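**Q** Dropping the structure in here first, questions after.
The values are calculated or read from the model by the stated rules, or taken from the named source; none is laboratory data. Keep in mind the model is a prediction, meaning the values are calculated, not measured. No Cβ is skipped: glycine too gets one built from the backbone with ideal geometry, and neighbour counts run over all protein chains shown.
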Amino acid sequence: MNCLEERGFRDRDFISTEGFLFCVVGPYHPADRVISYLKYLPDPAGKWRKGKDRFKRVMRTYTIPSLLETFELLKNAHPQYLFFSPIYNITMTAVPRENIVNHFEPEKKLAKLFKKSRLDSLQRKVVRFVSLLSKLSAVSVSDFGITGSILLNIHNPSFSDMDVTVYGSENSYAVRKALTELPLTSNFNVKRFNEAKLAKWVVQKTQNHPLNHTEAERIYERKWNIGIFDHTLFSVHPVKLEKELIEKYGDKIYHPSGMVTVRAVVDDSGDSIFLPATYKVREVKIEENIEANVEEMVTYEGLYDSLAEKGERIEVKGKLEHVVDKRTNAKYDRVLVGSPEGKGVEYVKLLD
């Protein structure tokens, strides 16, 4: 499976405009724009640097309140990056393609790191880590990428993380299996969080999300794609290939119907490791006593990916949307977690 086939704008790519650095969100984009969020801005006092250029991070946390702060920043000075989507019926950040100066592709950056003879300490660690993942999962190195500050070459080896992408569904599940089955006593320098790191992680999640400590700890138990490699934090992000996508932007129209809290049984979690993470559900009960045919729960909050398996019960608070499939005229409802309207009060919780 070659991740270079039919290459478009993929989840976790980056694009730049007039010095602004945006992270691409998901695989579905309008013909004239790329849906993304603003992550870095030029700043003489910024912690991230590339040569003489310095950048500051404007997405303080991966939360909706933090995203809304970037909306306000852009609305005042750069409104061309805000876009009302008649498909999703929300305002979002989406960069006009005519404004894109550079398109940063994680797999191409990683390939360059593997070929370079002179690397800094963090870049060398990335090469070692991906080589290990490839060996453990039998997934080709060419099907991995490196995103985040390392992709942009603005990283700092003293504090930057390693954010790895893996391309293709089969490859993604192979990597998940390898990391999940890796014994805690392995000699590969891949570790789960220690007690102190986990405690800090849990506190951060409870401060930024409507979760208590027990709920945050249960989420961490399901987190196969974060950990520590040789004293550096890593994350792994599955991304579908273009040929695996069964729809495109505009095939479905989404009509908001207010906020709801539902309980349901997961019927299919096969797409829960990607962004957006999707859980097909059954036996749905809506707390607000609203009549709706809810078939799926979708989240753009990465915190809730890979959380629940088939047969497990979940509680979800999010935006109810009525979905119309223009291809077949099929109609159903879904609950979306990670919407601007949710303003950070949405969640997914395991009940079992």
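**Q** Scanning region 69-83 for residues that are in contact with a helix residue (DSSP H, G or I) (Cβ under 6 Å, 6 or more places away or on another chain) and part of a helix (DSSP H, G or I), which turns out surrounded by the most Cβ atoms within 10 Å (Cβ to Cβ)?
**A** Applying the filter and picking the extreme gives Tyr81.
**Q** For the list (1) loosely packed, with under 15 Cβ neighbours inside 10 Å; (2) in contact with a helix residue (DSSP H, G or I) (Cβ under 7 Å, 6 or more places away or on another chain), I need the number of the one condition that Gly318 fails.
**A** Only one criterion in (1) loosely packed, with under 15 Cβ neighbours inside 10 Å; (2) in contact with a helix residue (DSSP H, G or I) (Cβ under 7 Å, 6 or more places away or on another chain) is unmet by Gly318, namely (1).
**Q** Taking region 149-173 as the region of interest, how many residues are among the β-branched types (Val, Ile, Thr) and either in the same structural domain as Pro42 (by TED's automatic domain parsing) or in contact with a His (Cβ under 8 Å, 6 or more places away or on another chain) (or both)?
**A** Adding up the residues that qualify gives 3.
**Q** Go through (1) over 18 Å from Pro106 (Cα atoms); (2) buried (at least 19 other Cβ atoms within 10 Å of the Cβ) one by one and return the number of the condition Ser172 breaks.
**A** Only one criterion in (1) over 18 Å from Pro106 (Cα atoms); (2) buried (at least 19 other Cβ atoms within 10 Å of the Cβ) is unmet by Ser172, namely (1).
**Q** How many of the residues making up region 224-251 are more than 19 Å from the chain's Cα centre (by Cα) and crowded, with 19+ Cβ neighbours inside 10 Å?
**A** 1
**Q** Wholly within region 223-325, which strands (runs of 3 or more DSSP E) include no fewer than the required count, namely at least 2 residues that are closer than 30 Å to Ser158 by Cα and touching a strand residue (DSSP E or B) at 6+ places or on another chain (Cβ under 6 Å)?
**A** On the way: elements: 226-229, 232-239, 252-271, 277-286, 294-299, 313-325.
Passing ranges, in order: 226-229, 232-239.
**Q** Moving on. Please work out which one of (1) under 17 Å from the mean Cα position of the chain (by Cα); (2) over 27 Å from Asn208 (Cα atoms) is the condition Ser66 fails and give its number.
**A** Failed condition: (2).
**Q** Turning to a different aspect of this structure: Test of understanding: among Val348, Val335, Val294, which residue is under 25 Å from Phe84 (Cβ atoms), surrounded by 18 or more Cβ atoms within 10 Å (Cβ to Cβ) and modelled with pLDDT of 95 or more?
**A** Val335
**Q** Follow-up. Among the residues in region 150-171, are any part of a loop (DSSP other than H, G, I, E, B), farther than 30 Å from Arg49 by Cβ and either in contact (Cβ under 8 Å) with a residue 12 or more places away in the chain or of a type outside the set (D, E, K, R) (or both)?
**A** yes
**Q** Another question, then. Let me confirm something: among Gly8, Gly19, Gly46, which residue is outside the structural domain of His322 (by TED's automatic domain parsing) and either in contact (Cβ under 8 Å) with a residue 60 or more places away in the chain or basic (Lys, Arg) (or both)? Spell out how you get there, then give the answer.
**A** Numbers: Gly19 fails: either in contact (Cβ under 8 Å) with a residue 60 or more places away in the chain or basic (Lys, Arg) (or both); Gly46 fails: either in contact (Cβ under 8 Å) with a residue 60 or more places away in the chain or basic (Lys, Arg) (or both).
Criteria check complete, one pass: Gly8.
**Q** Take the residues in region 1-51 that are aliphatic (A, V, I, L, M) and exposed (fewer than 15 other Cβ atoms within 10 Å of the Cβ); name whichever of them is modelled with the highest pLDDT.
**A** So in region 1-51, the residues aliphatic (A, V, I, L, M) come out as 1, 4, 15, 21, 24-25, 31, 34-35, 38, 41, 45.
Filter once more, keeping what is exposed (fewer than 15 other Cβ atoms within 10 Å of the Cβ): 4, 31, 45.
On the way: Leu4: 43, Ala31: 96, Ala45: 85.
The selected residue is Ala31.
**Q** Which one of Ser172, Ser85 is among the hydroxyl-bearing types (Ser, Thr, Tyr) and over 30 Å from Ser257 (Cα atoms)?
**A** On the way: Ser85 fails: over 30 Å from Ser257 (Cα atoms).
Unique residue meeting the criteria: Ser172.
**Q** With Val190, Val166 as the choices, which residue is closer than 25 Å to Val25 by Cβ and in contact with a strand residue (DSSP E or B) (Cβ under 9 Å, 6 or more places away or on another chain)?
**A** Val166
**Q** Pairs please, first residue from region 68-84 and closer than 17 Å to Lys343 by Cα, second anywhere and basic (Lys, Arg) and at pLDDT 90 or above, Cβ atoms under 9 Å, 6+ apart in sequence or on different chains.
**A** Close Cβ pairs (under 9 Å, with a partner that is basic (Lys, Arg) and at pLDDT 90 or above) amount to Thr70/Lys39.
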